[in-house]
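Any read-out appearing in this document is the output of simple, stated calculations on the displayed coordinates, not a laboratory observation. As the structure is a prediction and not an experimental result, all values here were calculated from the model. Cβ: placed from backbone, ideal geometry, glycine included. Neighbour counts: every protein chain shown.
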Amino acid sequence: MKRRNFLKTSGLASTAMLVPSFLQGFPTFGQSRTGKTLVVIQLSGGNDGLNTIVPYQNDWYYKLRPSLGIDKNQVLKISDDLGLNPALQGLRNLYDNGDLCILNSVGYPNPDRSHFRSMDIWHTASDSSEYLSTGWLGRYLDSNCLGCNNVHHALEVDDSLSLALKGKNRKGFAASKPQRLKRTIERPFLQALTQQQHDQEHENVAYLYKTLIDTQSSANYLFEKARVHDSIIDYPKSGLAKDLKQIAELMTADADIKVYYATLGGFDTHAFQERKHGRLLQEYSEAVTAFVKDLKQNNLFKDTLIMTFSEFGRRVEQNGSGGTDHGTANNVFLMGGQLKKAGFYNAAPNLADLDQGDLKYQIDFRNIYASILDNWLDTSAASILGSEFRGLDLVNP
Amino acid sequence: MTNQDKIKHLYWRAGFGLSLSELENRKNWSISKAVQTLLAEAKNPSPISVNENISINYDDLPMDEQEMSPIVKKGIAARLQNVMWIERMANPQHSPLLERMSLFWHGHFACIAKSPKTAVQQLNVIRQHALGNFKDLVLAIAKDPAMIRFLNNQQNKKNSPNENFARELMELFTIGRGNYTENDIKEAARAFTGWTSNRLGEFVFRYRQHDYGQKTFMGKTGDLDGEDIIDIILEKPETAQFICTKIYRYFVNHEVDKNRVRQLANQFYNSNYNIEQIMQSIFQSDWFYEAQNIGTKIKSPVELVAGMMRSIEVQFQSPLALLFVQKALGQMLYKPPSVAGWAGGKQWIDNSTLMLRLNLVAYLFQEAELNFRVKDEFESQRRGRAQRKIQATVDLSKITRKMKNLSDSEIIDELVNLLLARPNFSKKEFIQTNSSSYSKEDFIKRAVLQIMSLPEYQLC
């Protein structure tokens with residue numbers, strides 16, 4: 001056990017911290033299924049919430065969007081005043097089944113209309129005048145939650161890791177495809193490197209070796225887990241669908257992963273929005289539909305919460321190029337088997353009361369995070385977000 | 001710690017490491033001579049220019065300059081000025097300390113410019129003052145069109161003040177949180193009203209938009225303007241403390257030694273914010289060369305790449321390859337994540353960036369299979385493709401010429417000495433190159449590949 005020698009002699013942190021969870025004596029596997037799973041889906045570029053959840057009875061909507069407004073007859077009506085974009089047939093079924101909760105007008109004070117900045121605010125859960133270098137899920141990992149010592153406790157299905165999953169001491173894990181990740185660790189030199197004894201080293205050297213060892217272990221683990229189960233559900237061919245299929249297969253294989261993170265981009269629809277936006281929503285809706293079907297078939301949906309967000313919504317009034325510019329508040333979707341309140345959580349946005357042409361937020365997104373942290377991830381939201389953000393009544397704990 | 005170890009350390013922190021010939025040349029220099037040379041070379045900074053190099057010979061330029069649309073030109077200019085700057089960091093012909101200081105201030109006055117032209121203009125302002133007086137630097141940044149636009153000072157007018165610049169000026173650029181009030185921000189914003197830029201990208205003072213009324217800022221009252229505000233902020237010793245802490249964390253050690261920083265801050269304050277003097281003090285101090293400061297800093301992606309280019313003469317065939325590496329590793333020049341700059345330290349490292357870093361030299365040698373998709377730009381409409389190759393060449397001919405008559409173990413000693421910043425590397429037996437089956441050239445190449453794949457190579 002030369003490796004253990006290195007870990008023990010490094011003397012910088014307890015051995016338990018340095019050894020990958022696979023080598024630790026106490027069991028962490030198999031606990032995930034007794035708990036719950038969170039899946040975050042990020043829509044990048046700023047999804048146009050008003051053409052996603054359409055206020056089809058609202059004269060302002062049609063007045064401000066003379067050509068971009070979605071015809072009342074095409075809207076998939078799900079309440080007296082709100083309906084879904086026609087591309088969201090799959091979401092309508094989820095809505096009808098009580099598997100979907102829609103929160104309207106979610107945002108934050110003093111909204112920033114830059115993609116980068118607003119996405120950072122959503123990722124770090126900061127105020128708009130505050131700059132944090134850790135993400136909300138990263139700080140969750142830092143909080144010593146149950147299973148957080150496992151390096152793939154939070155998995156982003158991507159080649160690189162988002163700020164949301166970076167904590168101060170712990171980070172989430174990025175892997176687009178387990179096979180692809182495995183290839184990065186396969187060089188014999190790197191394999192041999194971690195088998196060697198290492199002397200007393202500076203903290204940063206130890207940190208790099210630890211990250212390497214963890215990556216090798218988790219890459220092997222994910223590779224094995226990904227081979228356990230092939231989904232029998234027919235997923236569409238899109239990128240998001242592939243990512244969600246990957247997640248469903250890992251969940252079905254009982255992989256020891258609590259949080260999954262996936263992204264669909266392309267929502268920055270400044271021009272010729274109608275077709276592009278419809279296509280994206282359809283991709284989203286079909287992928288999520290297949291995913292939920294898969295989870296239900298494997299009896300996992302009851303323990304799953306899926307949150308979908310975007311960095312901002314878009315300006316109420318359409319622009320001169322058949323598109324919309326960057327806006328503010330937007331809708332957030334929650335799906336899962338333990339929703340407290342299926343359907344609409346709150347009323348439609350008030351289009352008669354705008355802030356310089358943009359929606360005013362009604363719900364701070366950090367209140368949603370707080371509910372998820374407190375009630376779904378069983379940790380203390382106050383220590384991660386600050387005590388001013390109280391949870392909403394969204395999910396059964 | 002040998003003299004050579006110290007010289008290497010100095011050049012890693014004040015520059016981007018040393019090439020083989022530089023190391024040979026300087027290894028017996030005294031620290032004082034090396035520091036004097038570094039400072040002298042950094043005088044009279046030459047600006048980086050976008051236009052002079054648009055004809056730079058890269059394979060992927062799609063067409064002649066005359067045929068390009070303005071948008072294509074702008075995109076290419078942005079790429080080229082990124083590449084140009086990294087190449088200066090890597091090139092022994094240019095002052096390493098100037099580029100290093102510029103990179104530091106580039107992260108300190110972090111800004112995302114609207115156009116390549118104003119981005120490079122800002123960098124040239126930084127270069128001009130990088131080792132000059134901090135007050136001149138802050139004032140020049142306050143008048144810099146890219147920063148004015150980035151922090152909304154063009155919207156800061158007498159009747160509708162915008163506080164963004166005033167807030168960041170204090171929170172991030174000078175004195176730090178906890179040393180000013182919300183009211184100070186309001187008053188400072190009033191003082192900077194009318195500081196804006198015109199369409200040509202020049203600073204202009206629009207007196208009609210300026211608030212000439214009485215203001216009270218940090219206890220001082222009068223018809224204060226922007227320059228007065230900067231003077232008052234710099235009269236506070238806390239500003240020297242804030243800047244010296246940042247300098248110490250960047251150049252010396254991420255873990256701050258409070259006493260040392262206090263001494264530096266006193267000196268910085270008493271010298272009226274002379275940057276060159278403070279850097280000289282650090283580089284000539286004994287404590288800068290203590291073991292806990294050597295080879296213990298995690299290289300930023302730009303430091304890593306520039307250092308590789310310098311030591312093994314990497315030539316990227318396409319600017320896109322160099323941009324891919326920066327983006328995938330999380331540090332793109334001219335594109336800091338926010339006005340707060342890059343967090344640095346362990347924040348550079350996660351499982352994805354670490355594997356890319358450890359495999360990077362293998363990718364450059366085309367010795368490992370790359371398959372990596374960087375995150376899409378927010379504006380992009382479809383999923384980007386995965387990068388399958390880094391188009392680059394590595395030139396080991398100088399190293400080979402120098403080392404081919406040495407024994408295998410001497411070669412490894414020499415290469416470890418050249419490539420690793422940490423002294424007393426104890427794992428030499430670990431570099432297994434199985435010499436019998438390789439030519440000397442191949443042996444050297446294998447050894448370079450392995451040493452540069454070590455986690456230790458990530459440190460400087």
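For the stretch A:75-86, the Karplus equation 6.51 cos²θ - 1.76 cosθ + 1.60, evaluated at θ = phi - 60°, returns couplings of 4, 7, 6, 10, 8, 5, 10, 10, x, 9, 3, x Hz by residue, with Gly and Pro reported as x.
Please compute the net charge surrounding residue B:227, taking Lys and Arg as +1 and Asp and Glu as -1 over other residues with Cβ under 15 Å from its Cβ. Charge balance in the 15 Å sphere: -4.
Given only helices, namely DSSP H runs of n ≥ 4 each adding -39500 (n - 2.57), what is the per-residue ellipticity at 222 nm of chain B, to the nearest 500 deg cm²/dmol?
-15000 deg cm²/dmol
Taking the DSSP bridge list for chain A and keeping only pairs wholly inside it, about 45 percent are antiparallel.
Can you give the average number of partner chain beta-carbon atoms within 10 Å of each beta-carbon in peptide B:317-327, as a whole number? Write out the running numbers ahead of the final one.
On the way: counts 0, 0, 0, 0, 0, 0, 0, 0, 0, 0, 1.
The per-residue average across the peptide is 0.
When only the Cβ of Lys, Arg, Asp and Glu is charged (+1, +1, -1, -1), the dipole of the stretch B:155-227 relative to its Cα centre reaches about 260 debye.
When B:372, B:205 are sorted by how many other C-beta atoms sit within 10 angstrom of their C-beta, beginning with the fewest, the order is B:205, B:372.
Per-residue Karplus couplings for the stretch B:355-363, computed as 6.51 cos²θ - 1.76 cosθ + 1.60 with θ equal to phi - 60°, are listed in order as 5, 5, 4, 5, 8, 4, 5, 5, 5 Hz, Gly and Pro entered as x. Legend: mean number of C-beta atoms from other chains within 10 angstrom of residue C-beta atoms, peptide B:378-389, equals 4. An ellipsoid equivalent to the stretch B:224-265, defined through the eigenvalues of its Cα gyration tensor, has semi-axes of 25, 10, 5 Å when rounded to whole angstrom and sorted largest first.
Please report the base-10 log of the normalised intensity I(q)/I(0) for chain B, using a Debye sum with one equal scatterer per alpha carbon and no solvent, at each q in 0.07 (1/Å). Taken in order of the listed q values, log10 I(q)/I(0) reads -0.39. Amide H contacts of residue B:392 (H built 1.01 Å from N, in plane; Pro and chain starts excluded): B:317 sit under 5 Å, all sequence-distant by 5 or more or on other chains.
Counting beta carbons within 10 Å around each of B:106, B:254, A:123 and listing the fewest first gives the order B:254, A:123, B:106. As a proxy for reagent exposure, ranking A:143, B:102 by other Cβ atoms within 10 Å from fewest up yields A:143, B:102. Summarising the amide proton neighbourhood of residue A:343: residues at separation of 5 or more, or on other chains, whose placed amide H is nearer than 5 Å comprise A:100, A:101, A:102. Any idea how far the Cα center of the stretch B:249-270 sits from the one of the stretch A:83-100, in Å? Between the Cα centres of the stretch B:249-270 and the stretch A:83-100 lies a distance of 59 Å. Per-residue 3J(HN,Hα) values for the stretch A:87-100, derived from phi via the Karplus relation 6.51 cos²θ - 1.76 cosθ + 1.60 with θ = phi - 60°, read 6, 9, 4, x, 5, 4, 5, 4, 4, 4, 7, x, 9, 10 Hz in sequence order (x marks Gly and Pro).
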